[in-house]
Amino acid sequence: MGLYINNGKHLKVYKNKKKITEPNQKFVRRDYLTEVIDEQQKANVSLIISINEMKHQFLNQEVVQANHWDKVTNQLNELRTSNLQHKEYEELIIHLLKTQEELQKQLSEKISKQEEFQTGVLNRLDQQEALTEKIARQLNHIRSILFERTNYLAEKIDEGYKLTSSYVYNLMTGSDQPITLYLMNSKKGEKQK
């Protein structure tokens, strides 16, 4: 529902008649490290799901194979008991072996696809680790720069303080002696007392 303006009672309420350009958002803050970690976690969940599916398929395959072999043995027994011709017996075995071979090919293709996916995940982990190390190096570099700058500023402030205090001391006492010599003399006098 749009904005309702009652022109009869509120004449002074401003209503913009121009079209508002979109998008009007100027800044977007993105945390790339968090995005990479979230993407990695999604990839890990997908990997675990795929591995569980493969295990389930493998177990199903074993059950299917066991059932196949049970059927094969039952059929062989039936063939032996009913004295079927040797040719029919061979054709059945060849058919069952071909079926078994196709199932094994499908399983090996799925395993190779899974290995490719795992390789991709490992590559992403390596890239993430490299980015983390780069960020750590940059942080250490910034720390060292800050330490150097603060040390430099502290020395400059100390020098400025000494110059200012010597100047004020000279103005107050009219002496050309530096303030450090005055402080040393006053400490000696306190020790003698």
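Read the figures in this text as sums done on the coordinates, not as results from a lab. Bear in mind that the values here come from a model prediction, so they are computed numbers and not experimental data. Please note: Cβ atoms are built from the backbone with ideal geometry, for glycine as well, and neighbour counts cover all protein chains shown.
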Exercise for the section: Return, ordered by residue number, the residues of region 27-55 whose backbone nitrogen is under 11 Å from a label point located 7 Å along Cα→Cβ of D126. Expected result: none
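Please compute the net charge surrounding N6, taking Lys and Arg as +1 and Asp and Glu as -1 over other residues with Cβ under 14 Å from its Cβ.
Working: positive: K9, K12, K15; negative: none.
Once all neighbours under 14 Å are counted, the net charge is +3.
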Fill in the blank from the handout: In nm, the gap between the two label points placed 7 Å beyond Cα toward Cβ at I111 and L163 is 7.9 nm
Exercise for the section: Kindly flag which residue pairs out of K71/K105; K26/K134; K55/K105 have an alpha-carbon separation exceeding 19 Å in this structure. Expected result: K71/K105; K26/K134
